[in-house]
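The structure appears below as structure tokens.
The values are calculated or read from the model by the stated rules, or taken from the named source; none is laboratory data. These numbers were taken from a predicted model, which means no experiment stands behind them. Because the Cβ atoms are built from the backbone with ideal geometry, glycine has one as well, and the counts that use them run over all protein chains shown. Note: accessible area is taken over every heavy atom of the protein model, side chains too, but ligands, DNA and RNA are not part of it. Shrake-Rupley method; radii C 1.70, N 1.55, O 1.52, S 1.80 Å.
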Amino acid sequence: MDRMMREREGIMCKALVWMTWWLLALGMAEAPAMAAEGRGGTLRIAMTAADIPYTGGQPDQGFEGFRFIGYQLYDPLVRWDLSQGEQLPAVVPALAESWEVNADDPTKWIFKLRRGVKFHDGTDFNADAVLWNWDAIKNKDAPQYDPRQAALVAARITVLKSWRKLDDYTVEFTTTRPSSFVPYQVVYIFYVSPTQWEKVGRDWRALANNPAGTGPFKLARLVPRERAELEPNRDYWDKKRIPKADKVILLPMPEATTRLAALRSGQVDWIEVPPPDAIPGLRQAGFQIMLRPYPHNWTHTLNLTRPPWDNKLIRQAANYAIDREGICKSLLNGTCSPAIGEVYPGHPWFGNPKQRYEYDPAKAKELLKQAGYDGKGKRVKTSALISTSGSGQMLPLPMNEYVQENLREVGIDLELVTIEWNALTDRGRQGFQHVDNAPLGAMNISYNFQEPQSAFVRFFHSTSVPPVGANRMPYLNPEVDRLIEEAEREFDLGKQDQILARVHEIIVDDAPWVFIVHDLNPRAMSPKVKNFVQPQSWFVDLTLPWVER
């Protein structure tokens with residue numbers, strides 16, 4: 001089938017070359033030829049972020065930074081295949097052509113690097129560049145070490161402890177323990193040109209203005225808090241993924257109504273998270289509305305170190321107090337689904353939890369009563385740190401006000417403390433042990449469960465307490481630790497799924513989070529945007545779409 005497709009593509013390409021020559025011979029303009037090829041145009045995207053994600057390597061602004069900057073300017077050793085949306089994306093080769101674990105020593109992983117790859121500055125990508133970049137985020141004694149970028153990725157690469165060059169195109173990584181999750185860690189690490197860092201004066205902020213990765217796009221222009229303009233890397237190593245659009249412009253617009261107005265007026269072609277009540281009107285006006293499930297959890301992460309959330313009965317009560325169907329139907333117009341656990345029912349990791357957190361205010365009040373709160377004279381008082389917008393945050397202000405009212409009705413008084421999204425992620429990396437966060441009851445930060453490392457290790461293993469990982473509650477359960485470690489040692493994916501389902505059952509019953517909803521990843525686009533694929537992922541392939549002129 002692949003051979004037939006390649007042959008068909010070859011025939012089509014030859015036909016298009018002949019047609020282009022014929023049109024030019026007739027004096028036709030270039031634009032119709034480009035349109036006939038299914039490429040061209042400027043794609044303008046309104047993000048939910050308040051600023052352009054960091055462009056000098058490992059991005060900030062959560063997964064929106066990875067989506068629009070990280071995976072566009074840079075490449076990891078392995079990448080997500082985002083070319084289809086019917087199934088969860090698989091990990092496929094990128095800067096590494098192949099990888100394997102040492103059968104005699106499962107703490108050793110060998111990555112064979114792709115030859116002939118160039119950074120945007122024309123220098124070679126090789127094993128020396130890989131080691132230089134890992135030292136930049138893990139080796140505090142290295143001159144290129146950047147504590148800011150190190151903090152951004154620390155929770156994602158907990159198992160990798162050392163790296164060495166075997167030859168110019170082979171690198172060996174050593175892990176702290178045998179781990180089948182290694183590919184799910186290196187997928188989040190990007191590679192910067194060491195030569196470019198030297199050229200800009202060994203200054204990471206200067207590099208952000210003139211970055212050099214290996215990705216399908218180059219940074220053409222950067223205006224902080226205003227725009228980033230990306231242009232195709234015509235010399236990209238993967239010729240099948242050279243971008244189809246002539247230019248991509250990223251515009252930070254944290255206010256949903258601002259994004260909506262920009263789309264309707266033609267200022268942009270694509271907006272993230274359109275206001276739910278505007279979706280019917282957008283559809284009627286001919287705009288494209290994209291919806292698809294993906295590994296997303298919109299949750300309140302709880303401070304388990306102090307009252308009230310150190311009491312399991314109160315945590316379970318809060319979970320029974322939330323009207324998830326009401327949020328999804330009346331507030332978000334069908335752009336989310338209820339979350340009664342970290343993953344959704346039907347997922348291989350869901351299992352069979354004892355607690356099923358459906359909307360049950362009476363049960364919530366009974367649990368609070370068992371915990372010593374009558375909902376009248378004695379009520380639970382707590383707080384949550386939330387954002388105004390951000391990557392995967394959906395519509396955090398009205399959603400949190402809805403949650404606040406649900407909790408108030410059963411006897412839990414929640415104070416909402418609002419800050420900017422990037423500031424919230426910085427606070428989240430500190431955990432509730434930090435002096436600034438200790439008085440808080442919760443944080444509303446959306447998470448992914450894209451793979452086992454992200455879903456379980458970084459949040460629920462006792463060794464993942466900040467600054468090492470994202471177990472910011474922290475959640476400490478020896479049985480969960482044991483099961484996660486067993487799953488990590490298991491290379492059979494079916495058996496691994498069974499073990500992780502047992503982990504999920506325990507976590508749901510312990511309720512270290514208030515599970516609220518799963519997003520359906522809504523975005524709205526002009527009908528002029530062509531060939532976009534909505535994957536079951538936080539990320540997208542910007543090399544695919546183009547804009548009709």
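Residue pairs, Cβ under 7 Å, 6 or more apart or interchain, first in segment 458-477 and farther than 16 Å from A511 by Cβ and open to solvent by less than 30 Å² (accessible area, probe 1.4 Å), second among the acidic types (D, E) and at pLDDT 95 or above. List them.
Within 7 Å, the pairs are H461/D481.
Is it the case that some residue within segment 189-203 is under 19 Å from R148 (Cβ atoms), among the charged types (D, E, K, R) and within 24 Å of the chain's Cα centre (by Cα)?
Within segment 189-203 (the criterion being under 19 Å from R148 (Cβ atoms), among the charged types (D, E, K, R) and within 24 Å of the chain's Cα centre (by Cα)), the answer is no, since none of the residues qualifies.
Table: residues versus (1) part of a helix (DSSP H, G or I); (2) closer than 25 Å to T301 by Cβ.
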site	(1), (2)
A487	yes, yes
I507	yes, yes
V514	no, yes
S537	no, yes
V540	no, no
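For the list (1) without any contact (Cβ under 8 Å) to a residue 12 or more places away in the chain; (2) more than 22 Å from F63 (Cα to Cα), I need the number of the one condition that T382 fails.
(1)
From the set of residues in segment 215-237 that are among the charged types (D, E, K, R) and closer than 12 Å to K118 by Cβ, which is least open to solvent (accessible area, probe 1.4 Å)?
Taking the candidates together, the pick is K218.
Is it the case, given these coordinates, that R458 is assigned to a helix (DSSP H, G or I), under 24 Å from the mean Cα position of the chain (by Cα) and not acidic (D, E)?
For R458, the condition - assigned to a helix (DSSP H, G or I), under 24 Å from the mean Cα position of the chain (by Cα) and not acidic (D, E) - is met.
Identify all residues within segment 82-119 that are surrounded by fewer than 15 Cβ atoms within 10 Å (Cβ to Cβ) and outside any strand (DSSP E or B); write none if there are none.
The answer is S83, Q84, E86, Q87, A90, N102, A103, D104, D105, R115, G116.
Give all pairs with beta carbons closer than 6 Å in which a residue from segment 478-500 that is without any contact (Cβ under 8 Å) to a residue 40 or more places away in the chain meets a residue that is open to solvent by less than 80 Å² (accessible area, probe 1.4 Å) and among the acidic types (D, E); count only pairs at least 6 apart in sequence or on separate chains.
Between residues of segment 478-500 that are without any contact (Cβ under 8 Å) to a residue 40 or more places away in the chain and residues that are open to solvent by less than 80 Å² (accessible area, probe 1.4 Å) and among the acidic types (D, E), the close pairs are I499/E486.
Is it fair to say V192 is of a type in the set (V, I, T), closer than 18 Å to Y74 by Cα and in contact (Cβ under 8 Å) with a residue 40 or more places away in the chain?
yes
List pairs: first residue in segment 171-189 and open to solvent by 10 Å² or more (accessible area, probe 1.4 Å), second residue in a loop (DSSP other than H, G, I, E, B) anywhere in the structure, Cβ distance under 6 angstrom, at least six positions apart or on different chains.
T174/T107; T176/V159; P178/P106; P178/T107; S180/F491; Y184/E451
What helices (runs of 4 or more DSSP H) lie completely within segment 216-333 and have 3 or more residues being without any contact (Cβ under 8 Å) to a residue 40 or more places away in the chain?
Counting at least 3 such residues, we get 256-264, 279-284.
Tell me which residues, restricted to segment 190-203, are β-branched (V, I, T), assigned to a loop (DSSP other than H, G, I, E, B) and open to solvent by 10 Å² or more (accessible area, probe 1.4 Å).
Hit for segment 190-203 is V200, nothing else.
Out of segment 198-215, which residues are in contact (Cβ under 8 Å) with a residue 60 or more places away in the chain and farther than 15 Å from G70 by Cα?
K199, W204, R205 - these are the residues of segment 198-215 that are in contact (Cβ under 8 Å) with a residue 60 or more places away in the chain and farther than 15 Å from G70 by Cα.
Return the residue satisfying two criteria in turn: it lies in segment 120-158 and is among the charged types (D, E, K, R) and within 19 Å of T463 (Cβ to Cβ), and of such residues it is surrounded by the most Cβ atoms within 10 Å (Cβ to Cβ).
The selected residue is R156.
Could you check E479 against (1) within 21 Å of I516 (Cβ to Cβ); (2) over 17 Å from the mean Cα position of the chain (by Cα); (3) in a helix (DSSP H, G or I) and say which number it fails?
(1)
So if I check each of A206, A262, A212, which one is out of contact with any Pro (no Cβ under 7 Å at 6 or more places or on another chain), crowded, with 16+ Cβ neighbours inside 10 Å and over 21 Å from P545 (Cβ atoms)?
From the options A206, A262, A212, the qualifying one is A212.
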